[in-house]
Amino acid sequence: MKEIYLDNAATSYPKAPGVSEAISFYLSSIGCNVNRGAYKKAYQAEEIVFETRELLCRLFHFDKPEHVIFTKNITESLNVIIKGLLKPGDHVIVSSMEHNAVMRPLNSLKNRNLEVTTLECNTEGELSEEQLKLFPSLVKPHTKAVIMTAASNVCGTMLPLKEVGKICREHHIFFIVDSAQTAGFSEIDMNLHHIDALAFTGHKGLLGPQGIGGFLINESLAAVMDSLIEGGTGSFSELETQPAYLPDKFEAGTLNVPGIFGLNAALKYLFQIGIGTIREQELHLLDLFMLRLLEIPQIRLVGKRDLRKRTSIVSIDLPNHDCSELSYRLYKEYGIMTRSGLHCAPSAHRTLGTFPQGTLRFSFNHFNTDKEALQTIDCVRQSLKLQVLSKSRQPPRSRPPQ
Ligand SMILES: Cc1ncc(COP(=O)(O)O)c(C=O)c1O
């Protein structure tokens, strides 16, 4: 049985060509730390680390490579930004589609008098024009920032970064974006979208390895943030306080250099293929898949049907079936890997009307084929039939105690 991987929103697989070779080259032929030693191999490693900062600047339309901070993933990036910026008495606005990588650090700060307002999206996960019009009325004198995902990891609906960024700029509040589900799939322009900090993770749409992520941050936001993690940087060793300049202010401790080598290769692949091409291929698969999926009567598509406003995630709700059972059957009987449940975003499910049951999520990569998409549809049909059959054979369930 040939396995089909449709869990790319969790982490992409396969990785970009050249990623494992780059990691292996670093581990077998370089292996040195950066910013610490004055020898050739250390300089070779530093060159790749700096080049990776430049590639990320090119990707996100930013012009300060030294303002690209490496972390281990976007969760760490968001924690560093949220906990470094927000102080007791501050107010922050989020959308109702946020991942727990945003909601958990914010909720933990509520104990320290942080006020959080949620801008509700509609039942397709969208911030409509009417809701956007409401937005300025949520801004208070102590509003410090808006933190928003570029697209929902539950249903793939994209949020209007440019419009939200413009409102933030007009009200002098920081705009912080979680790009986990769109980096490598759609263009994010830090200037055009008025983004002050853009957090990214290397292992999803950027097609790099796990364990490497980061954020790009402008001068004005970096200046008012405290550093969350402090320690050695290889610079100003005589000081027992964290250096104030970037990237060292936010980059204490040894970096994941093998991960950066892998990400470097992945980014070069993305530029070679072109994000536009990747997006086109994924949307083609999505169209093919969704069209047929919607013909299956037991299934309700969650999120937007319109391809222009979504990423290559298809989440479904099965009003009369169990999502996790279908996900299990798809893997056990056909080798198809999907994810079911709440996807670490309970607020998004409440918005979409899929809490607490969750959804079954198929998420594509441009490496998937038409054949895989069509085969998955057949297997879904088949599995749902089996699920109905096995249910009809079960004795009727007695009523639960009231
Ligand atoms: C929108 C969003 N934000 C944050 C994350 C967290 O990513 P990581 O585990 O790489 O930190 C995810 C992961 O699924 C996500 O989808």
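Below 8 Å, C-alpha to C-alpha, sequence gap of six or more: please give me the relative contact order for the chain in percent.
24 percent
May I ask you to list the lysines whose Cα is less than 23 Å away from that of LYS268, ignoring any residue fewer than eight positions away on the same chain?
Cross-link targets: LYS15, LYS41, LYS64, LYS72, LYS204.
Order by neighbour count: ASP378, ASP90, fewest other Cβ atoms within 10 Å first, most last.
ASP378, ASP90
Lysines within cross-link reach of LYS166: Cα-Cα under 21 Å, excluding same-chain residues under 8 positions apart?
LYS133, LYS140, LYS144, LYS309
Counting other beta carbons within 10 Å of each Cβ, put GLU3, GLU46, GLU98 in order, fewest first.
Ranked by crowding around the Cβ, least crowded first: GLU3, GLU46, GLU98.
Wrap a convex hull around the Cα atoms of region 1-73, take a quarter of its surface area, and give that in square nanometres.
Directional mean of the projected Cα hull area for region 1-73 stands at 7.1 nm².
Extent of region 113-240 along each principal axis, from alpha carbon coordinates, in Å, largest to smallest?
Taking max minus min along each principal axis of the Cα atoms, region 113-240 gives 55, 39, 29 Å.
Dipole of the chain, Cα-centred, from +1 at each Lys and Arg C-beta and -1 at each Asp and Glu C-beta, to the nearest 20 debye?
1360 debye
Per DSSP helix of 4 or more residues, -39500 (n - 2.57); summed, then divided by the residues of the chain. What does that give at 222 nm, rounded to the nearest 500?
That comes out to -12500 deg cm²/dmol.
Can you tell me the dipole magnitude for region 60-215 around its Cα centre, using point charges on the Cβ only (Lys, Arg +1; Asp, Glu -1), in Debye to the nearest 20?
Around 600 debye, computed over region 60-215.
At a Cα cut-off below 17 Å, give the aspartates and glutamates reachable from LYS40, other chains included and same-chain residues fewer than 8 away excluded.
Cross-link targets: GLU51.
Output ³J(HN,Hα) for region 305-317: one whole-Hz value per residue in order, computed from phi by the Karplus curve 6.51 cos²θ - 1.76 cosθ + 1.60 with θ = phi - 60°, and x for Gly and Pro.
Per-residue couplings from phi come out as 7, 4, 5, 6, 10, 9, 9, 8, 10, 10, 10, 10, 10 Hz.
Along the charge dipole of region 19-272, which of ILE195, PRO136, THR254 sits closest to the positive end, that is, farthest toward it, with unit charges on the beta carbon of Lys, Arg, Asp and Glu (+1, +1, -1, -1)?
Comparing the listed Cα positions along the dipole, THR254 ranks first.
Counting other Cβ atoms within 10 Å, keep those with at most 14, restrict to DSSP loop, and tell me which chymotrypsin sites (Phe, Trp or Tyr not before Pro) in region 245-319 are left.
Passing both the DSSP loop test and the Cβ count: TYR245.
Using every pair of alpha-carbon atoms in region 199-336, split the distances into 10 Å bins beginning at 0 and state the percent of pairs per bin, rounded to integers.
So the P(r) values, bin by bin, are 9, 24, 25, 20, 15, 6, 1.
What do you get for chymotrypsin sites (Phe, Trp or Tyr not before Pro) in region 24-106 restricted to DSSP loop and a cutoff of at most 12 other Cβ within 10 Å of the site's Cβ?
TYR39
What Kirkwood hydrodynamic radius, in Å, does region 19-272 give when the mean of 1/r is taken over all pairs of distinct Cα atoms and then inverted?
For region 19-272, the Kirkwood estimate is 18.7 Å.
Counting other beta carbons within 10 Å of each residue's own, what order do MET103, MET97 fall into, fewest first?
Going from sparsest to densest Cβ surroundings: MET103, MET97.
No lab work stands behind these numbers, since they all come straight from the coordinates. Since this is a predicted model, take the numbers as computed values, not measurements. Note that each Cβ is placed from the backbone with ideal geometry, even for glycine, and that neighbours are counted across all protein chains shown.
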